[in-house]
Amino acid sequence: MIPDYQTLMLPVLQKGSEKEVNVRDVIDALAEKYKMTAEEREQFLPSGKQRTFDNRVHWAKSYLKQAGLVEFPRRGFYVATDEGRKILTQNLDRIDNKFLKQFDAFQEFQNRKGSQSPSNHDEKELVEESATPDEILRAAHSKINAALAADLLSRVRGASPQFFEELIVELLLAMGYGGTSEDAARALGQSGDNGVDGVVDQDPLGVDQIYIQAKRYAEGNNIGSGDIRDFFGALNLKKAQKGLFFTTSSFSPAASKTAKDLGMRIVLINGQQLTKLMIRYNVGCRDEEILHLKRVDEEFFE
């Protein structure tokens, strides 16, 4: 039998306790540990694009990451954090979602908008008889997207400022800004251009433009009102009327108020809003499987 992802949490954490490890090597080692047959190893998800066991190992790793017990130093690798190694000294028999709820970061992840069903039920409640298959499916979809959003935000924060600026430009093009021109949206380099990191043309001739500010900040390092005023000053130098301010963190209440009070259209996009847009427009992610929900055509039977 293929172990579920919660059963895999403890062994996944143990594998990364001493040094960063390759996820592929961990998958192979755990398949051996659980004496999985060749058929079990080759069992695929319904999409046919990923092995079931591999998928469960990745989910275990992702949930440990949300609790702050592992971190991703580079692509395809993970390592236990100091908190993760501390947990391992307790000689636990099992780590599961119930155990992870003791960590504030994991609770924040679970309570984040979209990570639960509309009525904020626990996973156990989702399988109650009162929940319809539709509700269970949509709640699962929300949880998958919440985990994906958290992973995307973590990767963007770990990238270079230049990568972040180019990501914003690619996102805006995917959203339909700039029309069909090849240079409709562009980053302006690491040093920016008088406090501006990028620009988007709203018409083929570039008569009307939107300027971009992009701040790749860690969680908790929020944008203040001073940053908004600086961006406002840069827009004035450009004689611009519209600006987009992106950050991987959040905006302080003072920053939001400043942007609202200024006589210029400045739209603020925080980290959570950014990842929602990335998922919606397939920037940094891609469709793995499409499920079609069908219902009876009542008119056909009338």
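The values are calculated or read from the model by the stated rules, or taken from the named source; none is laboratory data. Keep in mind that this is a model prediction, so the values were computed, not measured. Note that each Cβ is placed from the backbone with ideal geometry, even for glycine, and that neighbours are counted across all protein chains shown.
Note on segment 153-167: residues that are outside any helix (DSSP H, G or I) and over 16 Å from the mean Cα position of the chain (by Cα) amount to 1. Here is the figure for segment 1-56: residues that are among the hydrophobic types (A, V, I, L, M, F, W, C) and within 25 Å of Glu83 (Cα to Cα) total 11. Candidates are the residues of segment 279-299 that are of a type in the set (Asp, Glu) and closer than 13 Å to His141 by Cβ; the one that is surrounded by the most Cβ atoms within 10 Å (Cβ to Cβ) is Glu288. For Gly48, the conditions (1) assigned to a helix (DSSP H, G or I); (2) free of Cβ contacts under 8 Å to residues at least 40 places away in the same chain; (3) closer than 24 Å to Leu148 by Cα are fulfilled apart from (1). Lys65: under 16 Å from Leu148 (Cβ atoms), in contact (Cβ under 8 Å) with a residue 24 or more places away in the chain and in a helix (DSSP H, G or I), yes or no? Yes: the conditions hold for Lys65. Applying the condition of being free of Cβ contacts under 8 Å to residues at least 24 places away in the same chain and in a helix (DSSP H, G or I) to segment 4-37 and asking which residue is surrounded by the fewest Cβ atoms within 10 Å (Cβ to Cβ) yields Glu32.
Based on this model, can you work out whether Ala131 counts as surrounded by fewer than 18 Cβ atoms within 10 Å (Cβ to Cβ) and either part of a helix (DSSP H, G or I) or modelled with pLDDT under 75 (or both)? In short, yes.
Within segment 67-99, the set of residues being surrounded by 13 or more Cβ atoms within 10 Å (Cβ to Cβ) and either in contact with a Pro (Cβ under 8 Å, 6 or more places away or on another chain) or among the hydroxyl-bearing types (Ser, Thr, Tyr) (or both) comprises Tyr78, Val79, Thr81. Reported count of residues in segment 108-128, each being within 23 Å of Leu274 (Cβ to Cβ) and either basic (Lys, Arg) or at pLDDT 90 or above (or both), is 2. Each residue in segment 244-268 was checked for being closer than 24 Å to Met278 by Cα, hydrophobic (A, V, I, L, M, F, W, C) and surrounded by 14 or more Cβ atoms within 10 Å (Cβ to Cβ), and 8 pass.
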